[in-house]
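The values are calculated or read from the model by the stated rules, or taken from the named source; none is laboratory data. Please read all numbers here as calculations on a predicted model, not as lab measurements. Here the Cβ positions follow ideal geometry from the backbone for every residue, glycine too, while neighbour counts run over all protein chains shown. Heavy atoms of the whole protein, side chains included, go into the accessibility calculation; ligands, DNA and RNA do not. Shrake-Rupley method; radii C 1.70, N 1.55, O 1.52, S 1.80 Å.
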Amino acid sequence: MTVQHSVADVMSHPVISVGPGAAFRRVAELMREKDISATPVVDEDRRPLGIVSEDDLLARERTQATRRGDAWAERWWADADQVRATASTAGGLMTAPAITITADASLALAARRMHDAQVKRLVVVDTEGRMVGVVSRRDLLSVYAAPDAEIRMRVLAALVPRLAWCEASTVTVSVDGGVVHLDGEVPYRSDAMVLEALARTVDGIVEIDNRLEWASEDVAALSILEAPGVPAA
Amino acid sequence: MTATATCEIAIIDPVSGEVVDHCSGPLPDGRCPRAQDGERVPCAAHGLAPKSGTGLEGWTFQIVDRDLEECPISVLTGTTGLSGAGGVASTESPAMSGQNGARGFPHRSTVAEVMTRPVVTIAVTTPYKEIVGLMTDYDIGAVPVLDGDRRVVGIVSEADLLEKTATPEHRLGPFERRARQREHKGEAAIAAELMSAPAVTIGPETLIPMAARMMQARRLKRLPVVDAGGHLVGIVSRVDLLKPFLRSDEEIGRDILDGVVRRWMVIDPATVEAGVHDGQVTLAGTLERRSDLDLLTRLIHGVDGVVGVDNRMTYVFDDLHSGRRPAEARVR
């Protein structure tokens, strides 16, 4: 159990994908059948070429309706015959190139890449550049849907190396609705601070309730804590 | 902390906005204090507003489910009993704010800091055509529906339009599509008939992880943000909740030196050089103890917005291979 999530931990996989030659109608049907909002377009080696989303499908129909000069209602309810008459392929519909990310990347990197490229999802690739999954905004937020038991395991994974180090054997970790409670006694006040700080690095926690007690005060006399602040890096 | 039943919650009629009843809040095990097993909860399909001084301020929300059997407060907050929710509402944990003296760090972002405003809104009488036009013009997926007093009475989303009026065109067969077209020619549906009501809302002071939990648990893409009186102040979407990941390099650098290094590790920040570029952190300098190198890397990974850490620091004293932790190394 790792402390922090990588893209591989939250991505959707296996992924339903299509080849560039797949027909528009087939892509639309596939997305309806599988109830998905986007499908990557990949070559025969599963290298991503682009992505077709519901937005792409709707944009295409809206463009056609606008071209015909239809009323507002028909921008939404395009004529079936028109759709068939102008049917094209996934390769023509897709938004390309696909914005990708590696499976071992941090969630923060995935969020930044989505923001920079203004996309809602990224195609996840292995080191060879082959598609292994798709990660969406919703997936990035899924760390907050983790059950308490899983959060507790991650907190323990974060604390255990340090617990052994500070010879504290009485620390108990409980998680309730994403709120992490730390109880017990540790040798030094600095240990209590470090353990709380480590617990905070776990993804998906709501708040830390640090009830750790310490036997010896080892930081009170330090002037560093009283400094008004330091300039940014 | 002990679970308390003294928290009084006002139950609000979603249409008139009037307080129709009061409730003491969830039992310690999270159940409704008034519903018998399997019975519908009395506040279902109403608005809820915890009174001030309960630690739940800003948690005004509205309950959509009409068949709730559990206390919706524990459902929404994911906690059992109010003690947990009270802890959530505080922005600093006891140890960090009080005895350990690390006030104000780490910064815990609230909904108010990331929400989108102003918000495109509609009235209950806004016609279908106008709603579609607004959503297209502003490229938005949902519009809150307000009463005359700017209180949120519902929300109309793309999903509502599609679900209540039609399936998206590419999901229809040719015959269905033609039928739908005819059916809609003369139709003049208004927001009141299209909206999901009452809307699930959230308070501006709610912490982002809490908002994300709520959104995930309810499978919602966005939540109207309302003040204690139920008045709209903004709207928060999934993309807004990802904003903490997008913090500037300056903010990240400040958190690392003033937060992690100084307040958490109690090390003089002047001994650490932290370069931040697009969230990627590079560390240089010398620490006294070898054990602190790994700890610093771990802690920096937990700072919002950090993409990766490249720790090139060196150490003076190898405390990892000196057997037990030496007492003299603890006292700095």
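Things to note:
- Screening B:Ala112 on (1) more than 27 Å from A:Leu58 (Cβ to Cβ); (2) modelled with pLDDT under 90; (3) of a type in the set (A, V, I, L, M) shows it passes everything except condition (2).
- When restricted to residues that are small (Gly, Ala, Ser) and more than 8 Å from every other protein chain (Cβ to nearest Cβ), region B:241-263 contains 2.
- Answer residue from region A:185-200, given it is among the acidic types (Asp, Glu) and either out of contact with any Leu (no Cβ under 7 Å at 6 or more places or on another chain) or more than 7 Å from chain B (Cβ to nearest Cβ) (or both) and is most open to solvent (accessible area, probe 1.4 Å) among those: A:Glu185
- Residues that are among the acidic types (Asp, Glu) and over 18 Å from A:Ala8 (Cβ atoms) within region A:138-152 comprise just one, A:Asp148.
- Residue in region A:138-150 that is polar (S, T, N, Q), at pLDDT below 95 and in a strand (DSSP E or B) present: no
- Number of residues in region A:24-38 that are surrounded by 13 or more Cβ atoms within 10 Å (Cβ to Cβ) and in a helix (DSSP H, G or I) equals 9.
- Of the strands (runs of 3 or more DSSP E) lying entirely inside region B:218-332, the ones with 2 or more residues being surrounded by 19 or more Cβ atoms within 10 Å (Cβ to Cβ) are found at B:222-226, B:232-237, B:272-277, B:280-289.
- Condition met for A:Thr89 (closer than 13 Å to A:Pro48 by Cβ, open to solvent by 50 Å² or more (accessible area, probe 1.4 Å) and either among the polar types (S, T, N, Q) or within 14 Å of chain B (Cβ to nearest Cβ) (or both)): no
- Close pairs from region B:304-320: first more than 9 Å from every other protein chain (Cβ to nearest Cβ) and touching a residue at least 40 places away in the same chain (Cβ under 8 Å), partner open to solvent by 50 Å² or more (accessible area, probe 1.4 Å) and assigned to a strand (DSSP E or B), Cβ under 8 Å, at least 6 apart: B:Met313/B:Thr286
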